[in-house]
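Participant: One structure is given below, represented as C-alpha cells, and several questions about it will come after.
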Amino acid sequence: MRILVLGAGFGGLELASSLAEAFGDELDVTLIDKGEGFVFGFSKLDVMFSKRLPDEVLHPYADLAKPGLRFVRTTITSIDPVAKRVETEAGPFEGDLMVVALGADLHPEATPGLVEAGAEFYTVAGAFALRDTIAAFPGGRVVVGVTSTPFKCPPAPSETVLLMHDWLVGRGLRDVSSISLVMPFGVPIPPSPDASTALFAAFAERGIEWLPERLVTALEPDRRVALCSDGSEVPFDLFLGVPVHRAPRVVQESPLAVDGWIPVDPRTLETSFPDVYAVGDVTSVGTPKAGVFSEGQAAVVASQITARLRSSSTPTTYDGTGICYLEFGDEQVGKVNVTFLSGQAPVGGMEGPSMDITGEKREFGTSRIQRWFDRPWAPS
Ligand SMILES: Cc1cc2nc3c(=O)[nH]c(=O)nc-3n(C[C@H](O)[C@H](O)[C@H](O)COP(=O)(O)OP(=O)(O)OC[C@H]3O[C@@H](n4cnc5c(N)ncnc54)[C@H](O)[C@@H]3O)c2cc1C
C-alpha cells in the first residue's frame, strides 16, 4: 500500500515513525515537506532567549532514514483528495491513502504595522531573528500580544512574558522595563483554572501587566503603540506578536477546507473523502493547535491504518487528551493534563511548577527526536 503523508511536523513525523516501526518496508510511505528540518515550538523560545543556537534545535529531514519511508523535500502546490494525488514543485505524487498534516501558516503581514514596527516569535525565522534583537534590547516597554484566533500553543505568550522577565532581571534591565501581555481570553489558559491561577500569581509576583479579552489589531509605527480590538492602546518599545494563523493556501484551495480548516471525524481523524485523513493544526477537530494533540491524532491514524492492514489489530480512537508543559521561568516547568472531548467542556488540572517536571519536559523532547530521527538529542 502507498501512503502519502503531507507535512513533516509533529503529526507527520509521528505517523511516519509509527508506520515504519509497525510495517518496515512492507509499506511504501512518502513524506513530503518543503522545510529543511523540524524545530520544536519550545525550541523557538530557547533560541530567542539565547539558551540554544539555531543549529542545535533544527533537526534536518536529511537525517530521516527508516525502512519503507521516503522523504521528499518539495512544496506541495495542489491536493486532489479524490485521486489522493498532489502536485508539487518536484512533480506529482499519488497514494492509496493520504494523510494531511500541513499545520497552520503564519501571516505577520496580515496585521498592519507588525512587520515594520514589531516582531513575531511564532515562525522559525522570526524567533531566530529575535535572538539578536532581544540580546541588544536596552530595556523599555515590552508588549507580547496575540493578533487573532485560533493560535498555536495558547500557553506560549504567557511563557514568553515570564521568560522575558527572567531575561531582563539577568541583565539588570528589569527596573527600567515593563512587561504587558495582550490576550484574547479572560484567563491565561481557559481549560485549566489551576494553571490560570498559578500564572496570575506568577504575573503578580513579577509585576507583569495582564490585558485580557482583546486582540492586537494593528501597530502604529510612528507612535509606537499597539491598537487593540477593544479600542485601547498599549505603548511599546519592543513588540513580540503572535501572528495571524491560516491553513496553508494549498489546503484552502482544495476541496478539503471548510471555513478555512479541514473538518474531521474527531474519533478517527477521517475527512469526508474516503481514505483521506487529516491531523493536527490544519484541522478544526476542536483540540488546541499544539504538537501534543497533532502527535496523539497521528498515533490514532497509524492505528487505524494498522487495523485495516492487519485483521488481528483493533483500531484506537482519539480521546482528546494531551499534556502541555508550561515554562514558568527560573528553570521551573508546570504540567497541564487536559482533555477535549466533543460536546463537553474541556478540563485540565496542573502539576508543579517544579524542577522534576523540567526534567520530564526535556525527556519529552529527547524521546521524540530519538523516535523520529533515531539519534540522541538534549533540549536546553
Ligand atoms: C513559540 C511556540 C511554542 C510552542 N510550544 C509547544 C509546546 O510546548 N508543546 C506543544 O505541544 N506544542 C507547542 N507549540 C505548537 C506546535 O509547534 C504546533 O502546534 C505543532 O507543530 C503542530 O503540528 P502539526 O504536525 O499539526 O503541524 P506542523 O508541525 O506545523 O507541521 C506542518 C508541516 O507542513 C509543512 N508544509 C506546510 N505547507 C506545505 C506545503 N505547501 N508544501 C510542503 N510542506 C508544507 C511545513 O513546512 C511543516 O513542517 C508551540 C508553538 C510555538 C509557535
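Participant: For the range 99-200, which strands (runs of 3 or more DSSP E) that fit wholly inside it have 3 or more residues that are within 16 Å of the ligand (Cβ to nearest atom) and within 16 Å of the chain's Cα centre (by Cα)?
Facilitator: Of the strands (runs of 3 or more DSSP E) lying wholly inside the range 99-200, those with at least 3 residues that are within 16 Å of the ligand (Cβ to nearest atom) and within 16 Å of the chain's Cα centre (by Cα) span 105-107.
Participant: Another question, if that's okay. Quick check, is Val144 in contact (Cβ under 8 Å) with a residue 40 or more places away in the chain and not hydroxyl-bearing (Ser, Thr, Tyr)?
Facilitator: Values: in contact (Cβ under 8 Å) with a residue 40 or more places away in the chain: yes; not hydroxyl-bearing (Ser, Thr, Tyr): yes.
Criteria met by Val144.
Participant: Further question on the same structure: If a residue must be away from the ligand (no atom under 15 Å from the Cβ) and over 28 Å from Arg249 (Cα atoms), how many such residues does the range 2-53 contain?
Facilitator: 10
Participant: Could you tell me which of the residues Gly7, Gly12 is at positive phi, buried (at least 20 other Cβ atoms within 10 Å of the Cβ) and touching a residue at least 60 places away in the same chain (Cβ under 8 Å)? Break it down stepwise before answering.
Facilitator: Details: Gly12 fails: at positive phi.
Among Gly7, Gly12, only Gly7 is at positive phi, buried (at least 20 other Cβ atoms within 10 Å of the Cβ) and touching a residue at least 60 places away in the same chain (Cβ under 8 Å).
Participant: Based on this model, can you work out whether Val347 counts as of a type outside the set (Lys, Arg), in contact (Cβ under 8 Å) with a residue 24 or more places away in the chain and exposed (fewer than 15 other Cβ atoms within 10 Å of the Cβ)?
Facilitator: Details: of a type outside the set (Lys, Arg): yes; in contact (Cβ under 8 Å) with a residue 24 or more places away in the chain: yes; exposed (fewer than 15 other Cβ atoms within 10 Å of the Cβ): yes.
It is true that Val347 is of a type outside the set (Lys, Arg), in contact (Cβ under 8 Å) with a residue 24 or more places away in the chain and exposed (fewer than 15 other Cβ atoms within 10 Å of the Cβ).
Participant: Just give me the residues in the range 54-67 being within 12 Å of the ligand (Cβ to nearest atom) and assigned to a loop (DSSP other than H, G, I, E, B), in sequence order.
Facilitator: Once the filter is applied, which keeps residues that are within 12 Å of the ligand (Cβ to nearest atom) and assigned to a loop (DSSP other than H, G, I, E, B), the range 54-67 yields only Leu58.
Participant: Any residue at all in the range 70-93 that is in a helix (DSSP H, G or I) and outside the structural domain of Val225 (by TED's automatic domain parsing)?
Facilitator: Checking the range 70-93: not a single residue is in a helix (DSSP H, G or I) and outside the structural domain of Val225 (by TED's automatic domain parsing).
Participant: Scan the range 271-299 and report the pairs whose first residue is within 12 Å of Gly322 (Cβ to Cβ) and part of a helix (DSSP H, G or I) and whose second residue is more than 8 Å from the ligand (Cβ to nearest atom) and among the small types (Gly, Ala, Ser), with Cβ atoms within less than 9 Å and a gap of 6+ or a chain change.
Facilitator: Final answer for the pair search is Phe293/Gly320; Gly296/Gly320; Gln297/Ala278; Ala299/Ser18.
Participant: Need pairs with beta-carbon distance below 8 Å; first residue within 16 Å of Pro60 (Cβ to Cβ) and within the range 358-377, second basic (Lys, Arg); sequence gap 6+ or separate chains.
Facilitator: Ile369/Arg375; Asp374/Lys66
Participant: Filter the range 288-323 down to the residues that are in contact with a strand residue (DSSP E or B) (Cβ under 7 Å, 6 or more places away or on another chain), modelled with pLDDT under 95 and under 19 Å from Gly9 (Cβ atoms) and list them by number.
Facilitator: Gly322, Ile323
Participant: Here's another thing I want to ask about it. How many of the residues making up the range 203-222 are surrounded by 15 or more Cβ atoms within 10 Å (Cβ to Cβ), of a type outside the set (Lys, Arg) and in contact with a helix residue (DSSP H, G or I) (Cβ under 6 Å, 6 or more places away or on another chain)?
Facilitator: 3
Participant: How many of the residues in the range 20-73 are more than 18 Å from Leu102 (Cα to Cα) and basic (Lys, Arg)?
Facilitator: 4
Participant: Moving on. Test of understanding: among Glu327, Glu331, which residue is surrounded by fewer than 19 Cβ atoms within 10 Å (Cβ to Cβ) and in contact (Cβ under 8 Å) with a residue 24 or more places away in the chain?
Facilitator: Details: Glu327 fails: surrounded by fewer than 19 Cβ atoms within 10 Å (Cβ to Cβ).
Going through Glu327, Glu331 in turn, just one is surrounded by fewer than 19 Cβ atoms within 10 Å (Cβ to Cβ) and in contact (Cβ under 8 Å) with a residue 24 or more places away in the chain: Glu331.
Participant: Additional query: When you go through Asp319, Asp230, Asp259, Asp237 one by one, which is the residue that is closer than 24 Å to His107 by Cα, without any contact (Cβ under 8 Å) to a residue 24 or more places away in the chain and more than 12 Å from the ligand (Cβ to nearest atom)?
Facilitator: On inspection, the qualifying residue turns out to be Asp230.
Participant: Using beta carbons and a limit of 8 Å, which pairs, at least six apart or on different chains, have the first residue in the range 300-316 and farther than 15 Å from Pro266 by Cα and in the same structural domain as Val99 (by TED's automatic domain parsing) and the second one among the small types (Gly, Ala, Ser) and assigned to a loop (DSSP other than H, G, I, E, B)?
Facilitator: Cβ pairs passing all conditions: Thr306/Ser313; Ala307/Ser313.
Participant: Right, next: Could you list all residues from the range 121-145 that are more than 15 Å from Asp46 (Cα to Cα) and either aromatic (Phe, Trp, Tyr) or surrounded by 21 or more Cβ atoms within 10 Å (Cβ to Cβ) (or both)?
Facilitator: Phe137, Val142, Val143, Val144, Gly145, listed by residue number.
Participant: A further question on this structure: Among the numbered conditions (1) among the aromatic types (Phe, Trp, Tyr); (2) under 23 Å from Phe49 (Cα atoms); (3) surrounded by fewer than 19 Cβ atoms within 10 Å (Cβ to Cβ), tell me where Phe185 comes up short.
Facilitator: Going through the list (1) among the aromatic types (Phe, Trp, Tyr); (2) under 23 Å from Phe49 (Cα atoms); (3) surrounded by fewer than 19 Cβ atoms within 10 Å (Cβ to Cβ), Phe185 breaks only (2).
The values are calculated or read from the model by the stated rules, or taken from the named source; none is laboratory data. Note that the structure is predicted; figures quoted are calculated from it, not measured. Methodologically, a virtual Cβ is constructed for each residue, glycine included, from the backbone with ideal geometry; neighbour enumeration extends over all protein chains shown.
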